[in-house]
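One structure is given here, and the rest of the page talks about it.
The values are calculated or read from the model by the stated rules, or taken from the named source; none is laboratory data. Given the structure is predicted, the values throughout are model-derived calculations rather than measurements. Positions of Cβ are backbone-derived with ideal geometry, glycine not excepted, and every protein chain shown enters the neighbour counts. For the accessible areas, the whole protein counts, side chains as well, though only heavy atoms, and no ligand, DNA or RNA atoms are used. Shrake-Rupley method; radii C 1.70, N 1.55, O 1.52, S 1.80 Å.
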Amino acid sequence: MISEEKALVVFSGGQDSTTCLFWAREHFAEVSALSFVYGQKHAREVELAREIARKAHVDFDCMDVSFISRLGSNSLTDTSIEMDREKPAAGPPNTFVPGRNLFFLSIAAVYAREHGIRHLVTGVSQTDFSGYPDCRDAFVKSLNVTLNLAMEEQFVIHTPLMWIDKCETWALADRLGVLDLVRKDTLTCYNGIQGDGCGHCPACRLRREGLEKYLERKNKDPRI
């Protein structure tokens, strides 16, 4: 059943947020997408996000929050830092952008309030936990309470992917009828390569392993 309410998707143009965009279209009467330029090395993802939003027939907006890149060091915004290929024994990998989801969701909430929207959708997942503390369910629930208190609103942050892995995320995209779009048009790769990506960065490996697992499962049982 589709809710008559509006939803705002925090939208990067990657696999997860694109799947969430189409999930939101299935669940809400009106959907908007909000992207961010935060000093990322591969800002082309924003243009891809804009094009995907056009194909999805949802309103698109983008905000410049480049101050995020000046607050801390990480390999997604600083070209002088070599990317971690594996998760460190302690602490998050250097692909973690401190505060990114905190800022994104907080800004999205203010934006949503001004546009009469109370439902926020984000593609974070704890199941495929890569060491990013701001992808955890506890963080999202805590921030949801804080945002409601801060603005005297009743926001609801939806996390459709929180408890599913990449294989199940591909399955969801397929059920929504956008598996090919997600595979060809999104940008998940840390090296900025569209579609299947570079194949060896952590994001690409996780994405590919999930896709291979899903396609193998589907070949065994086409009814999936």
Entries of LYS6/LYS220; LYS41/LYS166; LYS6/LYS141; LYS55/LYS166; LYS41/LYS220 with Cα pairs more than 31 Å apart: LYS6/LYS220; LYS41/LYS220
Summed residue charge, Cβ within 10 Å of ALA24's Cβ, Lys/Arg positive, Asp/Glu negative: 0
Accessible-area order (highest first, 1.4 angstrom probe) of the listed residues MET162, MET151: MET151, MET162
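Using Stokes-Einstein with the Kirkwood hydrodynamic radius over Cα pairs, what translational diffusion coefficient do you get for the chain at 37 °C and a viscosity of 0.692 mPa s, in µm²/s rounded to a whole number?
In µm²/s, the coefficient is 185.
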Options GLY131, CYS62, ALA171, ranked by Cα towards positive dipole end of the chain, top entry (Cβ charges): ALA171
Cα-based convex hull volume of region 76-206 per residue, rounded to whole Å³: 132
Carbon + sulfur, % of accessible area of region 83-224 - ligands and nucleic acids excluded, 1.4 Å: 53
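Using the scaling law 2.2 N^0.38 Å as the reference, what is the normalised Cα Rg of region 1-113?
Here the Cα radius of gyration is 1.16 times the empirical estimate.
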